[in-house]
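**Q** Mind looking over this structure? Questions follow.
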Amino acid sequence: MLKIYHASMTRSLRVIWLCEELGLPIEVEPISFHPDFRFSEEWLARNPVGKVPVLEDGDFSMFESGAMVQYVLDRYGDGRLQPKPGTTRHAEYLQWNWFAESTFCRPLGEIVNHRRNFDPPFADVVAEMVHRSEQCLKAVDEALSDRDYILGEFSGADIMLGYCFILTENFTSILDKGYTSANTYWQRLKSRPAAHVLTRDFAS
């Protein structure tokens, strides 16, 4: 059984959500997000940069959420939630996966970090990161103008992007600026039956 180490509002939600969509049994191990734990020898042995999540599959472990999503799909997905590898459709799928983490999540993460670690946060830095986040949201909004999901049908790329929307909704107000297609998309994602895990308290 897959084991996922999870802290609230972290990228572990991507993997938990994916497994719920696939109907895979998993064990979720809630952990503390406090730096005292994340930078302990115990946790650094699992994640060398003190981040969350970690995925364990027997003796095999991973510490990067996007790679976890792809691993689970390739190993346990039976062709579900991703196009056929080697096709241009799959290349588009990979493009949105990587966009979600390396382009969209990056400025959102800086917003979260500045608000968590600096009092007061550096206003100019936060403003620039909000601007970059909005540019990403605009790109997603335009891509969704003629489709329900980022590839047309639901895929792992929507799970990758969905986490960006969690941060966007909770740490910015840019969704309030219009972006009808993106807002409708986010509501559609949250209404999926498997998305109930996004608000589940795994510590209880």
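**Q** Hey, F39 hits all of (1) touching a Gly at 6+ places or on another chain (Cβ under 6 Å); (2) closer than 25 Å to W98 by Cα; (3) among the hydrophobic types (A, V, I, L, M, F, W, C) but one; which does it fall short on?
**A** With respect to (1) touching a Gly at 6+ places or on another chain (Cβ under 6 Å); (2) closer than 25 Å to W98 by Cα; (3) among the hydrophobic types (A, V, I, L, M, F, W, C), F39 is out only on (2).
**Q** Within the stretch 62-82, is there a residue that is hydroxyl-bearing (S, T, Y), modelled with pLDDT of 95 or more and under 19 Å from M9 (Cβ atoms)?
**A** So far as the stretch 62-82 goes, yes, one or more of its residues are hydroxyl-bearing (S, T, Y), modelled with pLDDT of 95 or more and under 19 Å from M9 (Cβ atoms).
**Q** Which condition from (1) without any contact (Cβ under 8 Å) to a residue 40 or more places away in the chain; (2) in contact with a strand residue (DSSP E or B) (Cβ under 8 Å, 6 or more places away or on another chain) is the one that F202 breaks?
**A** (1)
**Q** Given the options L144, L167, name the one that is outside the structural domain of Q70 (by TED's automatic domain parsing), over 13 Å from the mean Cα position of the chain (by Cα) and at pLDDT 95 or above.
**A** Result: L144 is the single residue among L144, L167 that is outside the structural domain of Q70 (by TED's automatic domain parsing), over 13 Å from the mean Cα position of the chain (by Cα) and at pLDDT 95 or above.
**Q** Testing D57 on (1) within 24 Å of Q82 (Cα to Cα); (2) within 19 Å of the chain's Cα centre (by Cα), one condition comes back false. Which one is that?
**A** For D57, the exception is condition (2).
**Q** Here is a follow-up. I'd like to check which helices (runs of 4 or more DSSP H) are fully inside the stretch 92-204 and have at least 2 residues that are under 27 Å from I26 (Cβ atoms).
**A** Fully inside the stretch 92-204 and qualifying: 105-117, 156-171, 180-190.
The values are calculated or read from the model by the stated rules, or taken from the named source; none is laboratory data. The structure presented is a predicted model; accordingly, all values stated were derived computationally and were not measured. Don't worry about glycine lacking a Cβ; one is built from the backbone with ideal geometry, like all the others, and counts go over all protein chains shown.
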